[in-house]
Number of protein chains: 2
Amino acid sequence: MTRILKIGGSILTDKSRELVARPEEISRIAHEISTQPDDLVLVHGAGSFGHIPARKYCLSQEFSREGLRVTHNSVARLCELVVEALGQAGVESLPVHPLSCLQLHSGRIERFLLDPIKEMLKNGIIPVLHGDVAMDLARGAAIVSGDQLVTYLATALQAEVVAVGSNVDGVLVSGRPLPSISRKNLPEFENAIGGSAGVDVTGGMRGKLLELLDLADLGIESVIFNAGIEGNIARALNGETLGTRIRRSK
Amino acid sequence: MTRILKIGGSILTDKSRELVARPEEISRIAHEISTQPDDLVLVHGAGSFGHIPARKYCLSQEFSREGLRVTHNSVARLCELVVEALGQAGVESLPVHPLSCLQLHSGRIERFLLDPIKEMLKNGIIPVLHGDVAMDLARGAAIVSGDQLVTYLATALQAEVVAVGSNVDGVLVSGRPLPSISRKNLPEFENAIGGSAGVDVTGGMRGKLLELLDLADLGIESVIFNAGIEGNIARALNGETLGTRIRRSK
């Protein structure tokens, strides 16, 4: 069994300030993960480590070699903070950088070498991936969001649990989380679903939801939950009812 | 045309002290590279950033999750120093971490996603790889030397120039560099060729030479030269006579 846990960049970093991490939150998350079996793949968002330099260099529209370097080095540093925090919590993990191991085409993952990730899982090591820049056959380079990574990995690894931790209680409509959503009932809520607090070049809650609906279409349901609340990671990974469940349309 | 430049860890780091880089040497090398066309792949050795933690955790013999994490994070940091120095010299490069993009079998590269490297080259970005730890189908994990990366990449990318910079003048016999060596005349010198100064878990000059003789067997000749001497990088990349040429046996 493989379980995929995403932790949003809004939890790990101060989304309004470049390169400002939240070390206590990173450490708390690491300790919560340490209570879990090691069948996990962890994907984290880039938060201010990625979105701010990506916006500064207009990476969504333009090809900038310097922008790629600065943005990648910044998100790789956040990844190292996460891996180190896990180590201090007694969990061994290794970074897997999308820039090194996958190729995009028009912003979508086209090739991805999964062997190192599978081998880590076999050996009790949690692979840690993150929102990143990556080379793109059509555009030179593009941004690959943590949410796209979740969808791709969940499909490729046939994940049994997909838990997407955000800094809100789920997909909010009028301030309250929907218990569940599917592609069929998306239209009635669509206008009410907003973007992300702070800077987000990858589409915020709307972008996340569209990725996870694609995943649900393939038969893999997921949950969007508030990872800012202690104990929720274990609850989400154990399949308890919380947040918003992204369901396959009947 | 693709050219491959390897810079030994002994140039970039103080091989006797863990995590001690040589920033002036890294900066000098970056400036020398900045005078070259951008058809380069750069591979650097791990130096004390890799060999000292790898020895501490006995990574050549044992599987250690913590050892993998500590060693990888350390060599990744050296790679970041190199990429940053190149940026300051006006050359855009991006790190490509072997741990993320390849898989070993019994210590040898079995799978390697080359697409990001090719795409970087197409877009005028120098891919920077390094000696690293990597997942291994037979052993869980193993060390992949910068020299093995050079051989693999030279073959896969059909490199026209392969220049391997060391901190000595070439393959030394009685203190003097042999002008050339091939598999056929290896036996007469073999006992005279030593290991590496400082700690080296990947076999020093002997390991390097065996890799490059394999490459010569495939028809790709290379040169081992002293990258500690200013100007030698350009000379080696331009095919001037210096150091020791690793020739194909006639």
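The Rg/Rh ratio for the stretch B:3-246, using Cα coordinates for both the radius of gyration and the Kirkwood hydrodynamic radius, is 0.93.
In this simple spin-label approximation, B:GLN36 and A:LEU137 carry label points 7 Å from Cα along the Cα→Cβ vector, and these lie 2.9 nm apart.
Put simply, the amide H of A:GLY165, placed in the peptide plane, has neighbours under 5 Å in A:LYS6, A:ILE7, A:GLY8, A:PHE225, leaving out anything fewer than 5 places away on its chain. B:ARG111 label point (Cα plus 7 Å toward Cβ) to equivalent points in the other copies: 1.3 nm, shortest first. Counting, for every residue in B:100-106, the Cβ atoms of other protein chains within 10 Å of its Cβ and taking the mean gives 5. Helical content alone sets the calculated 222 nm signal of chain B at -11500 deg cm²/dmol, taking -39,500 (n - 2.57) per DSSP H segment of four or more residues and averaging over every residue.
Legend: mean number of C-beta atoms from other chains within 10 angstrom of residue C-beta atoms, peptide A:118-127, equals 4. Ascending distances from the B:LYS184 label point to its copies in the other chains, with the point 7 Å along the Cα-to-beta-carbon line: 7.7 nm.
Starting at 0 and stepping by 20 Å, how many percent of the alpha carbon pairs of the protein assembly as shown end up in each bin? For the protein assembly as shown, the pair-distance distribution reads 24, 53, 20, 3, 0. For the pair B:CYS58 and A:HIS105, label points projected 7 Å from Cα toward Cβ lie 4.8 nm apart. Taking amide H as placed 1.01 Å from N in the peptide plane, A:HIS130 has its amide H under 5 Å from the amide H of A:HIS44, each at least 5 places away in sequence or on another chain. Highest mobility in the GNM of chain B, judged by mean-square fluctuation with C-alpha springs under 10 Å and restricted to B:GLY219, B:GLY47, B:GLY228, is found for B:GLY219. Computed about its Cα centre, the charge dipole of the stretch B:124-250 is approximately 340 debye, with only Lys, Arg, Asp and Glu carrying charge at their Cβ. Distances between placed amide hydrogens fall under 5 Å for B:ALA141 paired with B:ASP136, all partners being 5 or more residues away or on another chain.
Averaging 1/r over every pair of different alpha carbons in the stretch A:138-250 and inverting the result gives a Kirkwood radius of 14.4 Å.
Positive contributions from Lys and Arg (+1) and negative ones from Asp and Glu (-1), summed over other residues with Cβ under 11 Å from the Cβ of A:ALA154, come out at -3.
Normalised per residue, the accessible area of the protein assembly as shown is 38 Å², obtained with a 1.4 Å probe and no contribution from ligands, DNA or RNA. With Cα atoms as the point set, the radius of gyration and Dmax of the stretch B:1-52 evaluate to 12.0, 38 Å. Over the stretch A:12-121, all Cα pairs binned in 5 Å intervals from 0 give whole-percent P(r) values of 2, 11, 18, 21, 19, 15, 9, 3, 0, listed from short to long. Beta-bridge orientation, the stretch A:3-246: approximately 40 percent antiparallel, per DSSP, counting only bridges with both partners inside. Bridges between two residues of the protein assembly as shown, per DSSP, are antiparallel at a rate of about 40%.
Between A:MET1 and A:THR241, how many nm apart are label points set 7 Å from Cα along the C-beta direction? Taking the simple label geometry, A:MET1 and A:THR241 are separated by 2.0 nm. Across the copies of the chain, B:LEU137 has label points (7 Å from Cα along Cα→Cβ) spaced 2.4 nm apart, shortest distance listed first.
Dividing the convex hull volume of the alpha carbon atoms of the stretch B:106-152 by its residue count gives 70 Å³ per residue. Ordered from largest to smallest accessible area (heavy atoms of protein chains, 1.4 Å probe), the residues A:ILE126, A:ILE229 come out as A:ILE229, A:ILE126.
For A:HIS31, what is the net charge nearby, where nearby means another residue's Cβ is under 12 Å from its Cβ and Lys, Arg count +1, Asp, Glu -1? Mind dumping the intermediate values first?
On the way: positive: A:ARG28; negative: A:GLU24, A:GLU25, A:GLU32, A:GLU230.
That works out to -3.
In the protein assembly as shown, with Lys and Arg counted as +1 and Asp and Glu as -1 at Cβ, which of these residues, B:ILE109, B:GLY67, B:LEU78, has the Cα nearest the positive end of the dipole, that is, farthest along it? Selected residue: B:ILE109.
Summing charges over neighbours of B:PHE63, with a neighbour being any other residue whose Cβ is under 14 Å away from its Cβ, gives -1 when K and R count +1 and D and E count -1. Please return the longest stretch of chain B lacking exposed loop sites, where GluC sites (Glu not before Pro) count only if DSSP places them in a loop and at most 11 other Cβ atoms lie within 10 Å. Answer from the scan: B:63-229. The mean sequence distance of close C-alpha pairs (under 8 Å, at least 6 residues apart), as a share of the length of chain B, puts its relative contact order at 23 percent.
The values are calculated or read from the model by the stated rules, or taken from the named source; none is laboratory data. All values reported here derive from a predicted model rather than from experimental measurement. Backbone-built Cβ (ideal geometry, glycine too); neighbour counts: all protein chains shown. These area figures cover heavy atoms from the full protein model, side chains too; ligands, DNA and RNA do not enter into them. Shrake-Rupley method; radii C 1.70, N 1.55, O 1.52, S 1.80 Å.
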